[in-house]
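Shown next, in structure tokens, is the structure this report addresses.
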Ligand SMILES: O=C(O)CCC(=O)C(=O)O
């Protein structure tokens, strides 16, 4: 399949090549975004009646971090950093935003393939996640056949934990851990850090932060080194929606559910929570093995 180059401007294509990201300013309207914010509000209110497909990580970044079903989350969990996982599995409004007819052709162009959502994360606060490559967790079978979109569900400021990244870091040769892949081996992080710090210094790369406006969409390359800045004012929310995509071509046995002509999503099981019975193999490993 060949994808036409009709959706991105010359500057945006240049930014993808040079910096490893594309910014789509004011891409979604206030109305589009408010639908998502209202949906999240409604899910929290009605959570006790929700099914097992609603999985949340609560108290993220603290000693009390845990993964559980949203139905079992205590009300105060919403006042601290959390990740509401994979709403695309059940919510059409999320699918339409993350891989609907407006965004899917752009993702397809960047991936040169049929974009397929593999996971989504709704944040209400900054993630404060350490700098990382997404290929630590979701390496695509074919290198560079994965991208992520970040949709601003409200404005970002210096205080509420903006997204941060090193433009140009996607050109750094991917670090291979001892298993010969980019998949993270935690005890080898010190060696990785030595490698990446040296690369960043030699290339003169400088971290930038993205002060987003509600409705902006930022798309990054799977090898862009990025993370979440510390939240300076803990009372401030920073609502955002992050989605990671593979291509259908990389998973020929999968039959993604189409959201529009140009994109779809993996119709897969929700994430396991502690206590679940099914075998101790993650959905991603199952998919990578082709079953
Ligand atoms: O939104 C953020 O702060 C970072 C999210 C992120 O790094 C990710 O989901 O890969």
**Complete:** Checked pairs for region 129-156, first on the phi > 0 side of the Ramachandran plot, second surrounded by 17 or more Cβ atoms within 10 Å (Cβ to Cβ) and in a strand (DSSP E or B), C-beta under 9 Å and 6 or more apart or across chains, list as 144/221
**Asked** Taking the condition away from the ligand (no atom under 16 Å from the Cβ) and under 19 Å from the mean Cα position of the chain (by Cα), does residue 247 pass?
**Response** yes
**Item:** Single residue of region 255-267 satisfying the filter (in a loop (DSSP other than H, G, I, E, B) and within 20 Å of the chain's Cα centre (by Cα)) that is nearest to residue 110 (Cα to Cα)
**Value:** 262
**Item:** Qualifying residues in region 143-168 (those that are more than 13 Å from the ligand (Cβ to nearest atom) and in contact with a helix residue (DSSP H, G or I) (Cβ under 7 Å, 6 or more places away or on another chain)) - the one farthest from residue 236 (Cα to Cα)
**Value:** 145
**Residue check for residue 138: outside any loop (DSSP other than H, G, I, E, B) and within 20 Å of residue 182 (Cβ to Cβ)** = no
**Asked** Can you find even one residue in region 202-210 that is under 20 Å from the mean Cα position of the chain (by Cα) and crowded, with 18+ Cβ neighbours inside 10 Å?
**Response** yes
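Condition check ((1) at pLDDT 95 or above; (2) more than 14 Å from residue 148 (Cβ to Cβ); (3) surrounded by 19 or more Cβ atoms within 10 Å (Cβ to Cβ)) across all residues:
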| position | (1), (2), (3) |
| --- | --- |
| 71 | yes, yes, no |
| 77 | yes, yes, yes |
| 92 | yes, yes, no |
| 101 | yes, yes, no |
| 110 | yes, no, yes |
**Request:** Give just the number: which of (1) without any contact (Cβ under 8 Å) to a residue 60 or more places away in the chain; (2) over 23 Å from residue 144 (Cα atoms) does residue 253 not satisfy?
**Result:** (2)
**Message:** Here is a list: 270, 252. Which entry is away from the ligand (no atom under 13 Å from the Cβ), assigned to a loop (DSSP other than H, G, I, E, B) and either more than 23 Å from residue 95 (Cβ to Cβ) or out of contact with any strand residue (DSSP E or B) (no Cβ under 6 Å at 6 or more places or on another chain) (or both)?
**Reply:** 252
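The values are calculated or read from the model by the stated rules, or taken from the named source; none is laboratory data. Small disclaimer: the values here were computed from a predicted structure and weren't measured. Please note: Cβ atoms are built from the backbone with ideal geometry, for glycine as well, and neighbour counts cover all protein chains shown.
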